[in-house]
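Reviewing the structure listed below.
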Amino acid sequence: MTRILTNTSDTSDTTASERGGLGRRDVLKGAATLAASTILASQADARDFGANAEPQRYPDPDIVAIDPKRFKAKVGNTAIKRLYTGCLWAEGPAWNAQGQYLVWSDIPANRQLRYLDDDGHISEQFHKPSNEANGNSFDTEGRQLSAERTRLVRYEHDGSVTSLAEQANGKPLNGPNDMVVHPNDKAIWFTDPGYGAISIYEGKLANTGSLQPHQKEAVYRLDTQTGQLAKVADDPFKPNGLAFSHDYKKLYVCDTGITHYPEAKNVVWSYDIDGPKLSNPKKLIDMTLDGKSGFPDGLRVDTEGNIWVGAGWVGPGYDGVQVFAPNDGARIGQILLPETCANVCFGGKKRNRLFMTASQSLYAVYVETQGAHFC
């Protein structure tokens, strides 16, 4: 395998362009052109992740400590591993501690896969069809949650599927994307950017004549005790991945609105959590690096509070995982991958293994920290 940007999937929809918005392909075309010379120049030093590749010399050069005083998670005698390849667009990794396995989505292939930690086995059709599910998580009872194209669902212990949310404000949801569960009140917080309703590649066109398929994109909180659904934020153009801070005092939300709104920025928002509500919105993280800016797709937080963001659509030297400090949003570390990284999660027996869904592949690396949350 050559170490180049490998995800060339066309996730745009011409209908959106005709309405005056930008499809994902339109937005990325310029970035791909900008990165072309860098990609060609890097091929001579391209890393081979294939099964017959030579062992990686330690320390792994693609685990980068930008600020060694604050980024202390690099392990000197471990390497990034590619566990699987063959997806169309890999998304939504979630770790099940009781079963010691990882589940993730391949949205265009309409399936979910499972990685078993004990022997590395991959179940390629763990859930198929998956109703073009994107993000996944687990609740405090170990039940899988999935953000399907049109609804938020829960897989019950008896194998049945319960629809938790399909509408908000009397209108259909645009298309849920990612979710997190608060351990105290079991409430589910999720985003609704609607990518599955504005692309035939990742879903089905809503044909409503708007870039907002059914309503303004927003972040919601579902009270699982009462079933009440409440909108808690709509500042991001397209809220995508989200995560609680390590102490559950803040909520971080990725904004990938630049895919369809030219005025949007690649940023991560921070909110203060006040019970069932959010307050004090601010743009904590700017994804710009050396004059280039990529998407912040999904994120997780470690026990020190650092924010691990899946990023990409720029090229070598940028794509992969970028790590930021929680107090000032400064970039302190990177994990460089040969593909755009969509999302991440911590798992493994010690919760010290970072799993990364990146375009066509699943990667993992051990780190000297732990995920702050149970999933």
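The values are calculated or read from the model by the stated rules, or taken from the named source; none is laboratory data. Because the structure is a prediction, the values reported are computed rather than measured. Cβ atoms come from the backbone with ideal geometry, glycine included; neighbour counts cover every protein chain shown. Only protein heavy atoms, including side chains, enter the accessible area calculation; ligands, DNA and RNA are left aside. Shrake-Rupley method; radii C 1.70, N 1.55, O 1.52, S 1.80 Å.
General remarks:
- If only the Cβ of Lys and Arg carry +1 and only the Cβ of Asp and Glu carry -1, the dipole of segment 155-272 around its Cα centre is close to 220 debye.
- Taking the chain and dividing mean pair separation by its residue count, relative contact order in percent (alpha carbons under 8 Å, at least six apart): 18
- Oblate is the label for segment 330-375, because a/c, from the alpha-carbon gyration tensor with a ≥ b ≥ c as root eigenvalues, is 1.5 or above and a/b does not exceed b/c.
- Mean accessible surface per residue for the chain, computed with a 1.4 Å probe while every protein chain stays in place, in Å²: 40
- For segment 183-275, carbon and sulfur atoms together expose 48% of the accessible surface, with a 1.4 angstrom probe and every protein chain in place.
- Given 13 as the ceiling on other Cβ atoms within 10 Å, longest exposed-site-free region of the chain for GluC sites (Glu not before Pro) in DSSP loops: 1-140
- Here the peptides 234-245, 321-332 are ranked by packing, the mean other Cβ count within 10 Å, and the order with the highest first is 234-245, 321-332.
- Selected from 301, 95, 83, residue furthest toward positive end of dipole (the chain; charges at beta carbon): 301
- Whole-angstrom gap from segment 307-369 to segment 97-128, using each part's C-alpha centre: 19
- Shape call, segment 109-231: gyration tensor on alpha carbons, a/c limit 1.5: oblate
- Between the amide H of residue 303 and those of 370, 372, distances stay under 5 Å, these residues lying 5 or more places away or on another chain, with hydrogens modeled in the peptide plane.
- 3J(HN,Hα) along segment 140-148, derived from phi through the Karplus expression 6.51 cos²θ - 1.76 cosθ + 1.60 where θ = phi - 60°, amounts to 6, 9, x, 8, 6, 10, 9, 9, 6 Hz, with x in place of Gly and Pro.
- Whole-Hz couplings from phi, Karplus 6.51/-1.76/1.60, listed for segment 348-360; x for Gly and Pro: x, 4, 9, 6, 10, 10, 8, 9, 10, 8, 10, 6, 9
- Summing Cβ point charges (Lys, Arg +1; Asp, Glu -1) relative to the Cα centre of the chain gives a dipole of roughly 300 debye.
- Cα gyration tensor shape for the chain, rounded if a/c is under 1.5, else prolate or oblate: rounded
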